[in-house]
1. Confirm whether Leu129 is surrounded by 12 or more Cβ atoms within 10 Å (Cβ to Cβ), on the phi < 0 side of the Ramachandran plot, among the hydrophobic types (A, V, I, L, M, F, W, C) and over 11 Å from the mean Cα position of the chain (by Cα).
2. What are the residues in the stretch 47-80 that are in contact (Cβ under 8 Å) with a residue 24 or more places away in the chain, assigned to a helix (DSSP H, G or I) and either surrounded by 15 or more Cβ atoms within 10 Å (Cβ to Cβ) or out of contact with any Asp or Glu (no Cβ under 7 Å at 6 or more places or on another chain) (or both), if any?
3. Quick one: which of Leu43, Leu102, Leu62, Leu33 is more than 21 Å from Leu132 (Cβ to Cβ), modelled with pLDDT of 90 or more, touching a Ser or Thr at 6+ places or on another chain (Cβ under 9 Å) and of a type in the set (A, V, I, L, M, F, W, C)?
4. Let me spell it out: the conditions are (1) within 18 Å of Leu132 (Cβ to Cβ); (2) surrounded by 15 or more Cβ atoms within 10 Å (Cβ to Cβ), and His108 meets all of them except one. Which number is the exception?
Amino acid sequence: MRPLSPVETTGPRTTAAAPDSTPASLHRIDRLLVRERDRLLFLPVDEIDWIGTDRKYLRIHLGDRSVLMRGSLTALNRILDPGKFYRINRSVIINIERINELRREGRHFTVVLKDDTAWIWSPRYRYTLKRLLSAG
């Protein structure tokens, strides 16, 4: 399995880019092109619930299915819409439209998605939490 490029870019982003963005990330994507065995899948970005690391792969979760993709979370984070997808720790990017609740647990926050998947929102990525709270 080798990485494939995202497809179908649309106009320039209207929100501030994440701190690790590059000039190549000036367009957001509508679909990801992912190779799965002997076929190519076009995954609508709007259907992505969350993306996690799985050793040297990324596991993209869409509803009740998931797809493996080779690549880095940092590279994928650069091309996803920063107004919709937030990196919450070194292993996970979430679609903020899938957030069900935020729980404050001492100095940490836990984010719970609509499918009851939960993670700690890492202090390292707390700037994205502040962005979410100020927008909401």
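The values are calculated or read from the model by the stated rules, or taken from the named source; none is laboratory data. Because the structure is predicted, anything quoted here is derived from the model rather than measured. Note: ideal-geometry Cβ built from the backbone for every residue, glycine included; neighbour counts use all protein chains shown.
1. yes
2. Leu76, Asn77, Arg78, Ile79
3. Leu33
4. Status for His108: all satisfied but (2).
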